[in-house]
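I have placed the structure first, in the form of structure tokens, so that the comments after it can refer back to it.
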Amino acid sequence: MGEMAAQLVYAAPDAPCELVAVVDVQSDRAAAVGETLGVPAYGSLAQALAAVEADAADLRLPHDRHAAALLEALAAGLHVLVEKPLATTAADAQAMVEAVKRSGRVVAVAENYPHLRAVRAAAEAITAGRIGELVALRSTRAYRIGGVWVRDGWRTGVGPAAGILLDQGTHHTSLLRRLAGEVAAVSASPGLSAGDTAGLSLRFASGVLAQSLYTWQTPATVVQTEATAYGTDGRIDINVAYDTADGSAVLTAAGKPPETLAAGEYYYDSHAAMVADFAAAIRHGHAPVVDVADAGADLDVVLAAARSLAEGGREIRVGAGAA
């Protein structure tokens, strides 16, 4: 993700901020990205800050390293953009939230879905009552993981950052929460391998029900309907495109032709949007689109789902009602 952000965001002529250094414990990787962007490369944040002046850090690290890196960056007085999921444990997430409160710095979480036009348009249409009363949601994240996404092996196996639920669960939890509000309870079932496939059933505080399917065991499609919102008067399909600018939100109501609410969207454009939002929040003093409290709520659902898997699929309460 660091290399992708470098190419898609920081190398762009209209980048919302000036990049002054890259940091990676793997010196060859740091040097390659630094050369691409024309900035010096360092092996640690401390080394970089001893050599250059910086206002903020963009942390693109394996999931289980987010907490330590965030605390280090805040201690150095930096604003922080940190990858999702916020953390891998509730204790780390709580420590991060408390550190952010003490710091007075802007901290944003690099969660894509709230930055997608299709998701925002769908949420606005639901709020406006355009599909009547929202009654149910369905989401699907289905593809085959490989290539650069399994480099170094930390996403797969049994490590602290491994498994599809932790890696992808906060993505669709964030998406569904944008459409239906807070999750009250969740239960989960494993597929042939819990690390590769999982199904979630979610109950929202509003009474809305949702089902989510995650799998790394099927070929990806060019455009995938990743979420559908079902209302008493119609439905909205949220289509996400990873290789083309064909992402969209389409509303279908009884007796009417389908209406495109948001079209022409490439998923990875959301990275530029989130960095621009982060920079604007620093400059203007407003909250980012996804802050640590929001990302923490996503993580709460995922950790509850993981607990459900460990306890035979029983329903686990989330948030204030958790037992």
Select from the range 200-222 the residues that are in a strand (DSSP E or B) and either touching a helix residue (DSSP H, G or I) at 6+ places or on another chain (Cβ under 6 Å) or among the hydroxyl-bearing types (S, T, Y) (or both) and list them in ascending order. L200, S201, F204, A210, S212, Y214, T215
Out of A249, A227, sole residue that is under 30 Å from A161 (Cβ atoms) and assigned to a strand (DSSP E or B): A227
Only residues in the range 179-196 that are on the phi < 0 side of the Ramachandran plot and touching a residue at least 60 places away in the same chain (Cβ under 8 Å) count as the first member; pair them with residues that are of a type in the set (S, T, Y) and surrounded by fewer than 16 Cβ atoms within 10 Å (Cβ to Cβ), Cβ under 9 angstrom, at least 6 apart or cross-chain, and list the lot. E182/S206; A184/S206
Within the range 159-176, is there a residue that is under 25 Å from A245 (Cβ atoms), crowded, with 21+ Cβ neighbours inside 10 Å, small (G, A, S) and in the same structural domain as G129 (by TED's automatic domain parsing)? yes
Which one is surrounded by the most Cβ atoms within 10 Å (Cβ to Cβ) among residues in the range 43-62 that are in a helix (DSSP H, G or I) and out of contact with any strand residue (DSSP E or B) (no Cβ under 6 Å at 6 or more places or on another chain)? L49
V150 in a helix (DSSP H, G or I), modelled with pLDDT under 95 and not aromatic (F, W, Y): yes
Taking first residues from the range 264-293 that are outside any helix (DSSP H, G or I) and second residues anywhere that are surrounded by fewer than 18 Cβ atoms within 10 Å (Cβ to Cβ) and small (G, A, S), the pairs with Cβ under 6 Å that are 6 or more apart or on different chains are G264/A245; Y266/A245
Conditions first: (1) buried (at least 18 other Cβ atoms within 10 Å of the Cβ); (2) touching a residue at least 24 places away in the same chain (Cβ under 8 Å); (3) under 19 Å from W154 (Cα atoms). T89 passes all but one, so which condition is the exception? (1)
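The values are calculated or read from the model by the stated rules, or taken from the named source; none is laboratory data. Not measured: the values here are computed from a predicted model. All Cβ positions, even for glycine, are placed from backbone atoms using ideal geometry, and neighbour counts span all protein chains on display.
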